[in-house]
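Enquirer: Okay, here's the structure, questions in a sec.
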Amino acid sequence: MTKADQPTGAAERIDGEAPAQLAADLQDERLIRDEGLLGAVRAFGRRVRVGDLGSLPVVIGLAVIWVVFQILNPNFLSANNLVNLTLQCAAIGTISIGIVLVLLLGQIDLSVGSVSGVAAAILGVGFTQLNWPLWLTVIVAILAGSAIGLLYGFLFTRFGVPSFVITLAGLLGFLGLQLWILGPNSSINIPYDSWIVQFAQQWFLPPWAAYALAVIAAAGMFYSDLRRNIRRRKAGLSEGSMTIVAVKALLLLAGLCISVWYLSTDRGTGAMFLFFVVLVVLMNFFLTRTRWGRSIFAVGGSVEAARRAGIKVNRVFISVFVLTSTFAAVGGLLAAARLASVSASSGGTDTNLNAIAAAVIGGTSLFGGRGSAWSALLGILVIQSISNGLTLLNLDSSYRFMITGAVLLLAVIIDSLSRRSRESHGQA
């Protein structure tokens, strides 16, 4: 059996599978094979009982938040407000994708807010004052973010400086760089008719295009699961139920079509939000279907075991630091475009906290080795739903900070308890 044919997640262990985990995975496969949908439900229940909760807590939490705010203000789930909510999620959600990656390694990046501010400052000064072409300005801003990540990776792998210290220094240093780039201009307006501002504020998919993408997404899931079953069959492994594969694809199609229909009763699906979702899907693919992605989980689980297995650990660290800062730069550009302005406060206030909190609340473990790119999407939906709902209730930001902090603490407690439960069952 090749690595490409092995199942992802807990079963994808470079240093060998824990016996209890291997037995549990085989038990789940037999249940699904023999009992179909009922077996899948039973397997899911078993995983929940041993502490393998996945995204279940955040999904339940998001549903509770939406129900509560809808009861308190009937406008919360209106099409107009949900369109606004999706657009509010894109910028910080994009930054949070990078945080997911670095947390999977058991590391942290505290400077993503400052890096996003530097990218925004480059956009504002380069485009409006230096008269660079907009496409060139965007590329320079993104490359600046990548260069910062490369610097972090070099310092971490060459000198062994903890990522907490490196990025804390970066938070301060690149905040200063942002202020230096802006110079005496504390605020710069980005022309409203520029394509980047139009992309962030005014571009929405026509309904037919949104429905077409929904069909493509469902077909892509069906094809991906089908290929996985074929590979497992060729490798002599038990394959998943085709009924479950079809049901998953149909449920996804139904959910996406209903969402598209409802959002289309207002402005529709925002191009910026779609861009964010595409980034999540792509990163999920690279994490779960490539050797590089499996190496990230392996390094996050045990650096020494990954090194002994032949993984280029330093390359993994450097690539993740580069991507984290790159996503921060892209998020900074989206935030500046959304506001059509850049200022000394760009990337400041609670950008860092929300990006990190979104990854953790979405289900990425602070202990490394467990998480998903989807954590960025789920987590930022929770945070922005809280912010949006409190705004509709005319409550100030003090409540938002307190509630978000409580939700973050609850997410960490759940992660810690589920980790203990998995350890007690030999599946950590």
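The values are calculated or read from the model by the stated rules, or taken from the named source; none is laboratory data. These numbers come from a predicted model, not from an experiment. Here Cβ is always computed from backbone atoms with ideal geometry, including for glycine, and neighbour counts include all displayed protein chains. Side chains included, ligands, DNA and RNA excluded: accessible areas come from the protein's heavy atoms. Shrake-Rupley method; radii C 1.70, N 1.55, O 1.52, S 1.80 Å.
Enquirer: Assess whether Ser319 counts as being touching a residue at least 40 places away in the same chain (Cβ under 8 Å), of a type in the set (S, T, N, Q) and more than 30 Å from Ser397 (Cα to Cα).
Expert: yes
Enquirer: Of the residues in the range 331-342, how many are open to solvent by 20 Å² or more (accessible area, probe 1.4 Å) and under 23 Å from Thr404 (Cβ atoms)?
Expert: 3
Enquirer: Continuing with this model, one more query. Inside the range 99-126, can you point out the residues that are more than 14 Å from Ser163 (Cα to Cα) and either of a type in the set (Gly, Ala, Ser) or surrounded by fewer than 24 Cβ atoms within 10 Å (Cβ to Cβ) (or both)?
Expert: Gly113, Ser114, Ser116, Gly117, Ala119, Ala120, Ala121, Gly124, Val125, Gly126
Enquirer: I've got another one for you. Could you list, in sequence order, all residues of the range 158-177 that are closer than 15 Å to Thr324 by Cβ and open to solvent by 50 Å² or more (accessible area, probe 1.4 Å)?
Expert: Phe164, Leu168 - these are the residues of the range 158-177 that are closer than 15 Å to Thr324 by Cβ and open to solvent by 50 Å² or more (accessible area, probe 1.4 Å).
Enquirer: Check the range 261-276 and report whether any residue there is part of a helix (DSSP H, G or I), in contact with a Leu (Cβ under 8 Å, 6 or more places away or on another chain), among the β-branched types (Val, Ile, Thr) and surrounded by 15 or more Cβ atoms within 10 Å (Cβ to Cβ).
Expert: Scanning the range 261-276 turns up no residue that is part of a helix (DSSP H, G or I), in contact with a Leu (Cβ under 8 Å, 6 or more places away or on another chain), among the β-branched types (Val, Ile, Thr) and surrounded by 15 or more Cβ atoms within 10 Å (Cβ to Cβ).
Enquirer: Just for helices (runs of 4 or more DSSP H) wholly inside the range 92-203: which have at least 3 residues that are over 24 Å from Gln384 (Cβ atoms)?
Expert: By residue number, 112-128, 134-159, 163-182.
Enquirer: Something else now. Would you please list the contacts, defined by Cβ atoms under 8 Å and residues six or more apart or on different chains, that run from a residue in the range 167-190 that is closer than 17 Å to Leu339 by Cα to a residue that is part of a loop (DSSP other than H, G, I, E, B) and at pLDDT below 95?
Expert: Sorted first by the residue in the range 167-190, then by its partner, the pairs are Leu182/Ala344; Asn185/Gln129; Ser186/Ala344; Ser187/Ala344; Ile188/Gln129; Asn189/Ala340; Ile190/Ala340.
Enquirer: When you go through Ala344, Ala305 one by one, which is the residue that is in contact (Cβ under 8 Å) with a residue 24 or more places away in the chain and farther than 21 Å from Ser186 by Cα?
Expert: Of Ala344, Ala305, the one residue that is in contact (Cβ under 8 Å) with a residue 24 or more places away in the chain and farther than 21 Å from Ser186 by Cα is Ala305.
Enquirer: Quick check on my filter: what residues within the range 352-380 are closer than 30 Å to Asn189 by Cβ and open to solvent by 20 Å² or more (accessible area, probe 1.4 Å)?
Expert: Selection gives Asn352, Leu353, Ile356.
Enquirer: Among the residues of the range 178-196, write down those that are in contact with a strand residue (DSSP E or B) (Cβ under 7 Å, 6 or more places away or on another chain) and open to solvent by 60 Å² or more (accessible area, probe 1.4 Å).
Expert: Once the filter is applied, which keeps residues that are in contact with a strand residue (DSSP E or B) (Cβ under 7 Å, 6 or more places away or on another chain) and open to solvent by 60 Å² or more (accessible area, probe 1.4 Å), the range 178-196 yields Ser186, Ser187, Asn189.
Enquirer: Here's another thing I want to ask about it. Val280 passes all but one of (1) part of a loop (DSSP other than H, G, I, E, B); (2) modelled with pLDDT of 95 or more; which number fails?
Expert: (1)
Enquirer: Among the listed residues Asn84, Asn131, Asn75, identify the single one that is under 24 Å from the mean Cα position of the chain (by Cα) and open to solvent by 10 Å² or more (accessible area, probe 1.4 Å).
Expert: Exactly one of Asn84, Asn131, Asn75 is under 24 Å from the mean Cα position of the chain (by Cα) and open to solvent by 10 Å² or more (accessible area, probe 1.4 Å), namely Asn84.
Enquirer: Let me ask something else. Name the residue that is modelled with the lowest pLDDT, counting only residues in the range 41-67 that are surrounded by 12 or more Cβ atoms within 10 Å (Cβ to Cβ) and farther than 21 Å from Gly371 by Cα.
Expert: Val41
Enquirer: Looking at Leu150, Leu136, which one is at pLDDT 95 or above and either closer than 16 Å to Phe199 by Cβ or loosely packed, with under 14 Cβ neighbours inside 10 Å (or both)?
Expert: Within the list Leu150, Leu136, the selection yields Leu136.
Enquirer: With (1) buried (at least 17 other Cβ atoms within 10 Å of the Cβ); (2) farther than 24 Å from Ser114 by Cα; (3) modelled with pLDDT under 90 as the list, and Ser346 as the residue in question, which single condition is left unmet?
Expert: That leaves (2) as the condition not met.
Enquirer: Still on this model: What number of residues within the range 213-267 satisfy the criterion of being hydroxyl-bearing (Ser, Thr, Tyr) and under 30 Å from Gln202 (Cβ atoms)?
Expert: 4
Enquirer: Kindly indicate whether Tyr223 is closer than 29 Å to Leu101 by Cβ, surrounded by fewer than 14 Cβ atoms within 10 Å (Cβ to Cβ) and out of contact with any Asp or Glu (no Cβ under 8 Å at 6 or more places or on another chain).
Expert: Yes: the conditions hold for Tyr223.
Enquirer: Anything in the range 152-161 that is in contact with a helix residue (DSSP H, G or I) (Cβ under 8 Å, 6 or more places away or on another chain) and either under 13 Å from Ile108 (Cβ atoms) or without any contact (Cβ under 8 Å) to a residue 12 or more places away in the chain (or both)? List them, or say none.
Expert: Tyr152, Leu155, Phe156, Val161
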